[in-house]
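Trainee: Handing you this structure, nothing more for now.
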Amino acid sequence: MIFFLDTDICIFALRGAYPALNRAFRECNPARIKVSAVVLAELLLGVQRSRHELTARKAVTAFLEPFEVVPFDRAAAEAYAHIREDLESKGQVIGPNDLMIAAICVARRATLVTHNTGEFGRVPGLKLQDWTA
């Protein structure tokens, strides 16, 4: 099984916020964990906004080092179109970055690790896990 990390999970891990999350990272082979380019962009935005930019950049870089960063590709674009049309037709729109993150996961038949199960739970076919529980 392949896991993609959502931004909230990365931030929680960087802060050491949840013992269960730390345990999950220790128990999962890093080769099975991926990060979308969208999540990387959100994390880098946080770095840019940090009062301690250099320290934040080093922490994010070190945290992400063992994980593959996956681009938003053609398969993700196809999944995005289907998911967005479905959600809009139901009046259940989610944020644009979250939609792209979900599309990457659906296209790769991967599981999204997130604490934001309320929003991502609206996406048909998206497998979710919350490693903070």
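The values are calculated or read from the model by the stated rules, or taken from the named source; none is laboratory data. Since this is a predicted model, take the numbers as computed values, not measurements. Ideal geometry is used to build each Cβ from the backbone, glycine not excepted, and the neighbour counts take in all protein chains shown.
Trainee: Might you let me know whether region 58-72 holds any residue that is farther than 25 Å from N29 by Cα, without any contact (Cβ under 8 Å) to a residue 40 or more places away in the chain and of a type in the set (D, E, K, R)? Lay out the reasoning, then the answer.
Mentor: Taking region 58-72 as the starting set, the residues that turn out to be farther than 25 Å from N29 by Cα are none.
Looking for residues that are farther than 25 Å from N29 by Cα, without any contact (Cβ under 8 Å) to a residue 40 or more places away in the chain and of a type in the set (D, E, K, R), one finds none in region 58-72, hence no.
Trainee: Quick one: which of A31, A56, A41 is among the small types (G, A, S), farther than 24 Å from L126 by Cβ and either touching a strand residue (DSSP E or B) at 6+ places or on another chain (Cβ under 6 Å) or part of a helix (DSSP H, G or I) (or both)? Even if it seems obvious, please write down each step before you answer.
Mentor: Details: A31 fails: farther than 24 Å from L126 by Cβ; A41 fails: farther than 24 Å from L126 by Cβ.
Answer to the check: A56.
Trainee: Residue check: is F72 at pLDDT 95 or above, surrounded by 14 or more Cβ atoms within 10 Å (Cβ to Cβ) and part of a helix (DSSP H, G or I)?
Mentor: Values: at pLDDT 95 or above: yes; surrounded by 14 or more Cβ atoms within 10 Å (Cβ to Cβ): yes; part of a helix (DSSP H, G or I): no.
No, not satisfied.
Trainee: Tell me whether region 26-43 contains one or more residues that are more than 25 Å from R108 (Cα to Cα) and without any contact (Cβ under 8 Å) to a residue 12 or more places away in the chain. It would help to see each step written out before you state the result.
Mentor: Going through region 26-43, the residues more than 25 Å from R108 (Cα to Cα) turn out to be none.
No, region 26-43 contains no residue that is more than 25 Å from R108 (Cα to Cα) and without any contact (Cβ under 8 Å) to a residue 12 or more places away in the chain.
Trainee: Right, next: Just one of the numbered conditions (1) surrounded by fewer than 17 Cβ atoms within 10 Å (Cβ to Cβ); (2) closer than 12 Å to V39 by Cα; (3) not aliphatic (A, V, I, L, M) is not true of R109; which one?
Mentor: Against the list (1) surrounded by fewer than 17 Cβ atoms within 10 Å (Cβ to Cβ); (2) closer than 12 Å to V39 by Cα; (3) not aliphatic (A, V, I, L, M), R109 comes up short only on (2).
Trainee: For the condition crowded, with 17+ Cβ neighbours inside 10 Å, out of contact with any helix residue (DSSP H, G or I) (no Cβ under 7 Å at 6 or more places or on another chain) and farther than 15 Å from I2 by Cα, what is the one hit in L43, L87? Walk me through how you get there before you give the answer.
Mentor: Numbers: L43 fails: out of contact with any helix residue (DSSP H, G or I) (no Cβ under 7 Å at 6 or more places or on another chain).
Going through L43, L87 in turn, just one is crowded, with 17+ Cβ neighbours inside 10 Å, out of contact with any helix residue (DSSP H, G or I) (no Cβ under 7 Å at 6 or more places or on another chain) and farther than 15 Å from I2 by Cα: L87.
Trainee: Output the residue which, of all residues in region 8-20 that are free of Cβ contacts under 8 Å to residues at least 60 places away in the same chain and under 12 Å from the mean Cα position of the chain (by Cα), is surrounded by the most Cβ atoms within 10 Å (Cβ to Cβ). Walk me through how you get there before you give the answer.
Mentor: Going through region 8-20, the residues free of Cβ contacts under 8 Å to residues at least 60 places away in the same chain turn out to be 10-11, 13-16, 19.
Now drop any that are not under 12 Å from the mean Cα position of the chain (by Cα), which leaves 10-11.
Values: C10: 21, I11: 17.
The selected residue is C10.
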